[in-house]
Amino acid sequence: MPELDAFIIIVMLQQALLAISLYVPLMSGQLSLASPAFYAIGGYLAALISTKYFTATDDSLYPLTWVLGEMLLAGLLCFAIAQAIGRMVLRLRGIYLALATLALVEVVRVTCLNLEWTGGAIGIFAIPQVFAEQQGYLWLFLPLFLLILYGVRTMERSRIGEAFRALREDEYAAAAMGIDPARCKTLAFAWGAAIAGITGAASAHLLNTWNARQGTFDASINILAYVVIGGPWSVWGAALGGAVLSALPEILRPLQDYRLVVNGTLIVLASLYLPRGLIPDRRRKHPRPTSWPTLREAPVSGDELILQIEGLDVQFGGLKAVHGLSLAIKRGEIFGLIGPNGAGKTTVFNALTGFAPVTSGSIRFLGQDITRASVHHRARMGLMRTFQNLRLLRQQTVLQNILAATHRFDAKQRRALFPAGAEAEAWAWMEFVGLLEQAGRCAGDLNYGDQRRLELARALMSRPEVLLMDEPVAGMNPSEKAGMQALIRQIRDRFGITVILIEHHVPLVLGICDRIAVLNFGETIALGEPAAIQNDPEVRRAYLGSEEALA
């Protein structure tokens, strides 16, 4: 193999690795363009170690074990730096995050340009060779590429990968399933940084020289183009984009002055006619297992208080959305929360689950004060919800949506892979809600009733203690409403799950709830059993209306 051909292949592998380093944080919904900064840091680390601590003779080669050690150190250093700055930078989203990470690239470049020990504008020269011939570096970059590709691919299929994709589609839904957004985004950012740092350490010995031009704004844009053109939905797409686009300038070299024009034209055409990339996202196949375990039943016994709300106030500016709410809900109870539009019902749910800050008052769940707890912490304790406006992972399959909820009941183990039996249990919940035939379909392609049932199955997969259902039969036809009513009864009777529901379909609420609280303008105007609520004059005046209207 000619040396030039070997060098092109090495560059393709190198750029594919940098594309993967951008893809990993993109998996969690972060448009981070910081890869060149960490690539430069990794290269400088390897250059400094090899030039200061290795004494070369005329025919001596740099030990491969030293290079592997430098790559490991570079990965750890970049991982640590990314963890340190991630919590601050990752509060930003979209274009603002992209600008912040571009600023990081420029900060690293200017800093290295002005430091004496980095060689300033000249950089570090005479970085020792590892191999006598160019082809030898293939044996460094090829195993590195395959190892990182395998690792990221394995992560994609793991519980952590499902968490990253959930964050990418809907951060609020992910938090409601027990996923810690800040921790997951920081982890993805740090992993991407580590991959870039390792690639930089290996590249320093390939190039023999390292300076501030190795990590620039232009490099960030090029790497982003690799991922977008290759396909931002899978690691295969990112790797292919990096390999193909980095090779184009060399492949088009015979065209000389026109090669950059042709290169740019090909990128534009790919963007127009392949908007999902060269390798679009492929839906996972979900072969139905021959059997799955029976769902564990746990009928309720006793009158234990599971959720206590005392003097709850939620205020937005000068508006008191909820004022002085006090409720005590027993384990295994089906509790209804009704009232006219704008009464504050959904605000109560948001306050209970952490999506709305509490102005005053307290919330105790399972005996613990959770008034100031985070959304994902409450979810991991077992306080789960469905949403008035559906929050499904619309680009993922039905089974993937349900599996994403395993973060609640496996939070203490912190395992990367799915808990044993999780997929079989997901099939059991799909059978329970009537979605067996839809397992491999994209959630966004389901009809409205099936989407409601999917959101319910996802919440049940997390094995909740309390399930908050916000208008579960809204938009359903009469037969679907009857089916949902039967499901809610089974959830309480078979599994002992406490249910709190908001619903405007009054016959369902009166027919299924043990007790009902009625809100109006954020205050409780009635609390009691369905018969008492139905006959309460103030409730009729504010919400139910006359007997004829109710009928």
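Quick notes on this structure:
- Yes/no for residue 501 being among the hydrophobic types (A, V, I, L, M, F, W, C), surrounded by 17 or more Cβ atoms within 10 Å (Cβ to Cβ) and either over 25 Å from residue 536 (Cα atoms) or modelled with pLDDT under 95 (or both): no
- Residue check, residue 495 at pLDDT below 95, over 15 Å from residue 463 (Cα atoms) and either open to solvent by 10 Å² or more (accessible area, probe 1.4 Å) or not aromatic (Phe, Trp, Tyr) (or both): no
- All of 243, 238 fail the test of being among the hydrophobic types (A, V, I, L, M, F, W, C), open to solvent by less than 10 Å² (accessible area, probe 1.4 Å), touching a Phe, Trp or Tyr at 6+ places or on another chain (Cβ under 9 Å) and closer than 26 Å to residue 99 by Cα, apart from 238.
- Residue 65 being part of a helix (DSSP H, G or I), open to solvent by 10 Å² or more (accessible area, probe 1.4 Å) and at negative phi: yes
- Close pairs from the stretch 452-467: first farther than 16 Å from residue 406 by Cβ, partner among the acidic types (Asp, Glu) and open to solvent by less than 10 Å² (accessible area, probe 1.4 Å), Cβ under 9 Å, at least 6 apart: none
The rows are residues; the columns are (1) closer than 21 Å to residue 504 by Cα; (2) in contact with a helix residue (DSSP H, G or I) (Cβ under 8 Å, 6 or more places away or on another chain); (3) among the aromatic types (Phe, Trp, Tyr).
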| site | (1), (2), (3) |
| --- | --- |
| 308 | no, no, no |
| 320 | no, no, no |
| 331 | no, no, no |
| 339 | yes, yes, no |
| 350 | yes, no, no |
| 359 | no, no, no |
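- Residue 145 surrounded by fewer than 18 Cβ atoms within 10 Å (Cβ to Cβ) and not acidic (Asp, Glu): no
- Of all residue pairs spaced 6 or more apart or on separate chains, those with beta-carbon atoms under 7 Å, a first member in the stretch 89-109 that is within 14 Å of residue 220 (Cβ to Cβ) and a second member that is in a helix (DSSP H, G or I) and open to solvent by 40 Å² or more (accessible area, probe 1.4 Å) are 102/217; 105/217; 106/217.
- Selected residue (only one of 295, 325 is assigned to a loop (DSSP other than H, G, I, E, B) and either modelled with pLDDT of 85 or more or open to solvent by less than 30 Å² (accessible area, probe 1.4 Å) (or both)): 295
- Matching entry among 216, 199 (being modelled with pLDDT of 95 or more and of a type outside the set (A, V, I, L, M, F, W, C)): 199
- Scanning the stretch 298-316 for residues that are assigned to a loop (DSSP other than H, G, I, E, B) and open to solvent by less than 80 Å² (accessible area, probe 1.4 Å) turns up 298, 300, 302.
- Filtered residues of the stretch 233-256 (kept if more than 20 Å from residue 8 (Cα to Cα) and modelled with pLDDT under 90): 233, 234
- Out of 45, 31, 77, sole residue that is touching a residue at least 60 places away in the same chain (Cβ under 8 Å), surrounded by fewer than 24 Cβ atoms within 10 Å (Cβ to Cβ), touching a Gly at 6+ places or on another chain (Cβ under 9 Å) and in a loop (DSSP other than H, G, I, E, B): 31
For (1) within 18 Å of residue 470 (Cα to Cα); (2) free of Cβ contacts under 8 Å to residues at least 60 places away in the same chain, each residue gets a yes or a no:
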residue	(1), (2)
319	no, yes
326	no, no
331	no, no
336	yes, no
339	yes, no
355	yes, no
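- Condition check for residue 83: surrounded by 13 or more Cβ atoms within 10 Å (Cβ to Cβ) and more than 28 Å from residue 237 (Cβ to Cβ): no
- In the stretch 473-488, the residues that are touching a residue at least 40 places away in the same chain (Cβ under 8 Å) and open to solvent by 10 Å² or more (accessible area, probe 1.4 Å): 474, 483, 487
- Every residue from the stretch 213-232 that is aliphatic (A, V, I, L, M), open to solvent by 10 Å² or more (accessible area, probe 1.4 Å) and either under 21 Å from residue 43 (Cβ atoms) or outside any helix (DSSP H, G or I) (or both): 219, 221, 224
The values are calculated or read from the model by the stated rules, or taken from the named source; none is laboratory data. Given the structure is predicted, the values throughout are model-derived calculations rather than measurements. Every residue, glycine among them, receives a Cβ derived from its backbone with ideal geometry; neighbour counts consider all protein chains shown. Surface accessibility is based on the protein's heavy atoms, side chains included, excluding ligands, DNA and RNA. Shrake-Rupley method; radii C 1.70, N 1.55, O 1.52, S 1.80 Å.
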